[in-house]
Amino acid sequence: MASSEFAVEMQDVVKQFVTPEGGILAAVNHVTMQIKENEFFSLLGPSGCGKTTSLRMIAGFELPTDGKILIHGKEMSQVPAFQRPVNTVFQQYALFPHMTVEQNIGFGLEMKGVSRAERIKRVGEALEMVRLPGMELRRPKQLSGGQQQRIALARALVNKPEVLLLDEPLGALDLKLRKEMQLELKTLQREVGITFIYVTHDQEEALTMSDRIAVMSKGVALQVDIPEAIYERPATKFVADFIGETNFLDGVVKGQNSSTVEIDLVGTGTVYVESSRKFTTGQQVTVAVRPEKLRLNNPDDKDNNLKGHVEEVIYIGTDTHYGVRFAGGHKARIREQNVTLAQKTLAKTGDEVTMSFTHTSPRILTE
Amino acid sequence: MLKFFRGKSNWQLFGLLSPGALWILLFFNLPILIVLFISFVERGRAGGIKIPPVYTLENYSQLFNACVSEFAGTACDPFLYIGIFGNSVRIGLIVTLWCILLGYPLSYFIAKQKPAWRDALMILVIIPFWTNFLVRTYALKQVLAAEGLLNSFLMGIGIISQPLDLLFNESAVVIGLIYGYLPFAILPMYASIEKFDHTLMEAAADLGAPPRRAFWRVMLPMTMPGVFAALVLVFVPVVGAFITPDIMGGGKVEMIGTLINRQFGVARNWPFGSAMSLILMLLVLIGVIFYFRSSTEETRRAM
C-alpha cells in the first residue's frame, strides 16, 4: 500500500474562490506539507485560515486550483471524492437521518459491495470500538450529540481508510465531553494505526492530541512541527500569539557576539538573547517570551533584568498574573506560580519591580 | 394551541370554537350534504330535482349502465362511465408523473442558485397564478392551434409543410394539464430540496457512493416528503379537471370532470352529477387515506 513514506502530501497547493463581489480569494495559498504514515496531524488556525479547505481538498470535495495532492504517493488532485481511499468525520456529523445506525455505518461497506452478513458483523465490531454496542436499530435523532459523534467516527473507521479526516469533530460537544473524547480519539488512533488529519481552531486540543501540528493563517502554513516546538520555538509572531500567551517586546539589534544577540528595547533597557540565527545591526526585531518564563523580583546577574511598574495583579488560584509596564512603553505579563500556602503576592499595583528572564528563554522574531 | 384551551370551561370552549365550527359547517359540510341529498333523488324535467323529492338509487346504478338513445332504439354500455373514470385516473397518473419528472430537476436547479436568483426564479414559477386559469388555457390553445405559434414557427423554418394536429386529442389535454399543474409540483418539492443538507451528499460521496447512487440512496429519500406532497397536490385536482379537457380536448377527450360538468349543464341531470361527484370524492379520499397510511411521520408533517 505504502508506495511513499508519506500518507498525504500537499505540493504547492492553491485554492482560489470567487467572492460574491467578484474578487478572487486564495483560501489556500501555496501550501506544501507532508503528513507521515500513522501520524496524528492537526491543522490549526483561526476561522478562514484555510484549514478546512485543505481538508476538503484531501477528501476530494474541492479540487485545487493549482498544485498536487498525493495520497500514499498517488496523485489524487483530480480523483473524485467517492474514489479516494479516505473517510471523513464531519463537523455536524452528517449522519443520514433516514437510516438506522446500522445502515449509516454499513453505507460505505455497502457501496464497496460487501455482503450483508459481513456488513452486520463489521458494523457490530465498529460499534464495539466506539463503545456503543447494541445501537444498530436506533436512528440518529434518538442519539445524544456525543453518541452521534461516535457513530460518525464508526461510520468512517469501519471502511478502514488509509487516512481519516476529521473536521472539528468535537466542536459541537460540551467542554467535559470534549476533553473525554480528545483522549479517546488519541487512544483510538494509536489502536487502529490509521493516519488522522484533524482540523481544529482550539490550540489546546491540538497540543493535547497531535503528533505534529501545522499552524495556518490566511491560507498559508506558517509552521509545521511537533507540539513542543510550536510552543517553545514559534516561527512567527502569529504562531507565538495564537498558541498560548506571549509577551512581545519590540527592539533593535545592537550587535551579535557568536550566538548571543544584544537587543536594545528602546527606552526600557538592553537584553541579551541566545539565537543561532544571524542578525544585522540596526535590524528591527521582536523579543517574544512566555509569561511563565518571566520572574518577578528575583534578579540574577547572569540573566536579563528590567525595571518597571506593576499595573495590575490578578490572583487566579494556582498562579498570580502581574501586568508590568516599562519606561519605553513595553508591557509584559508575568505568571508566578503560587507555590507556598497562602503566599503573599510579590508586588502590588504601582510597585517598582524587576522582571528577569534567562538568555535562552525568549525567541527573536522578525515576522 | 392545546395549552391555550386547557383550563377553560366547556362553555368557554364552545364560544371559542363555534365561529370556526360554524364556518366549516356552513361552507364545507352543508354543500356536501346538499350534494349527497340530490344524489339520492329523481331529476326534475327541466334540471334541478323533482319536487316533492322522490328518493331513488338509480343515479348510482346508472353509473354502471349507461344508456344512450340512438336511431335504432336505445344502446346500453355498462362500462362507459367506468371507462371514463379509469381514463381520468390514467390521465391523472400520467400528468402527475410528468409534473414530478419535470418539476424535480427544476426545483433542484432553483434551489442551487444564489439567494437573489432563487427568489426571482420562484416568482417566475408563481406568476402564472396571477392570471386566470381559463385565460391561460386559451392562450396555450392558441400556441398549439393549426395556425398557432408552434405550427407557424415549425413551418416557417421548414421542418414541416403541413400543420401538425396538436389540439383536440389526449396529448393536448395532458400537455395542458402539465402546464397548469407544474407549479403545484414545484412548490412542495422545492421546499424539500431547499431544506436538504447538501453535506449529506458529500458524506455519501466520502463513503464511496458515485453521484447517481448518492442521489437514489440519500437525496431522493430525504426529499420524498416533497415528492409525495406534489403527487397529492397534482393528482387530486387533475383527476377532477374539466376546464382543460374541455378546451384542449375540444369535446373529444372525456374525463370525470367534463362528465360531471355536463350533468349540471346541457344534460340537466343534477342527481347523476351529484352521484358522480361523490364517487370521485370517495375515490380521492381512499387514495389520500392510503397515502397517509403508507407515508411516514415526516411526510405528513411536510404536507
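Each value in this text was obtained by applying a stated rule to the coordinates, not by laboratory testing. Every value quoted in this text rests on a predicted model; they were computed, and no experiment measured them. Ideal geometry is used to build each Cβ from the backbone, glycine not excepted, and the neighbour counts take in all protein chains shown.
Listed from fewest to most Cβ neighbours within 10 Å, the set A:HIS72, A:HIS30 follows the order A:HIS30, A:HIS72.
If R0 equals 60 Å, the separation of the Cβ atoms of A:ALA117 and B:ASP119 corresponds to a calculated FRET efficiency of about 0.75. Only one residue of B:PRO105, B:ALA214, B:ILE286 has its Cα farthest out toward the positive end of the dipole of the protein assembly as shown, where Lys and Arg carry +1 and Asp and Glu -1 on Cβ, and that residue is B:ILE286.
When you filter the trypsin sites (Lys or Arg not before Pro) in the stretch A:252-283 for DSSP loop state and at most 12 other Cβ atoms inside 10 Å of their Cβ, you are left with A:ARG277, A:LYS278. About its Cα centre, the dipole of the stretch A:150-284 is roughly 320 debye, where the only charges are +1 on Lys and Arg Cβ and -1 on Asp and Glu Cβ. In this simple spin-label model, placing a label point 7 Å from the Cα along the Cα-to-Cβ direction at both A:GLU311 and B:SER161 gives a separation of 9.6 nm. Helix A:145-157 and the long axis of chain A differ in direction by around 70°, with both axes built from C-alpha atoms.
Shape of chain B from its Cα gyration tensor (a ≥ b ≥ c, root eigenvalues): rounded if a/c is under 1.5, otherwise prolate when a/b > b/c, or oblate? Cα axes put chain B in the oblate bin. The mean sequence distance of close C-alpha pairs (under 8 Å, at least 6 residues apart), as a share of the length of chain B, puts its relative contact order at 24 percent. Over the stretch A:6-241, what is the relative contact order in whole percent, taking alpha-carbon pairs under 8 Å and six or more residues apart? Computed over the stretch A:6-241, the figure is 27 percent. Applying the criteria of a DSSP loop state and at most 16 other Cβ atoms within 10 Å to the GluC sites (Glu not before Pro) of the stretch A:2-97 yields A:GLU5, A:GLU21. State whether the stretch A:245-365 is rounded, prolate or oblate according to the following rule on the C-alpha gyration tensor (a ≥ b ≥ c being the square roots of its eigenvalues): a/c under 1.5 gives rounded; otherwise a/b larger than b/c gives prolate, and the remaining case gives oblate. Note, shape of the stretch A:245-365 comes out prolate. Taking GluC sites (Glu not before Pro) as exposed when DSSP calls them loop (any state but H, G, I, E, B) and at most 15 other Cβ atoms lie within 10 Å, what is the longest stretch of chain B free of them, the sites themselves excluded? That would be B:148-303. The overall shape of the stretch A:6-241 is prolate: from the C-alpha gyration tensor, with semi-axes ordered a ≥ b ≥ c, the ratio a/c is 1.5 or greater and a/b exceeds b/c. If R0 equals 51 Å, the separation of the Cβ atoms of B:TYR60 and A:GLU21 corresponds to a calculated FRET efficiency of about 0.15.
Potential lengthening of the chain between A:GLU125 and A:LYS179 amounts to 17.0 nm, from the contour at 0.36 nm per residue minus the alpha-carbon distance. Counting only DSSP H runs of at least 4 residues, each contributing -39500 (n - 2.57), and dividing by the residue count of the protein assembly as shown, the helix-based mean residue ellipticity at 222 nm comes to -13500 deg cm²/dmol.
Neighbours of A:LEU175, meaning other residues whose beta-carbon lies under 12 angstrom from its beta-carbon, give a summed charge of -2 when Lys and Arg score +1 and Asp and Glu score -1. For the protein assembly as shown, a crude dipole built from +1 on the beta carbon of Lys and Arg and -1 on the beta carbon of Asp and Glu, taken about the Cα centre, is about 1760 debye to the nearest 20. Exposure proxy for B:THR244, B:THR96: other Cβ atoms within 10 Å of each Cβ, ordered fewest to most, give B:THR96, B:THR244. For a modelled paramagnetic label at A:LYS160, 7 Å from Cα along Cα-to-Cβ, the residues of the stretch A:61-80 in reach, with backbone nitrogen under 19 Å, are A:72.
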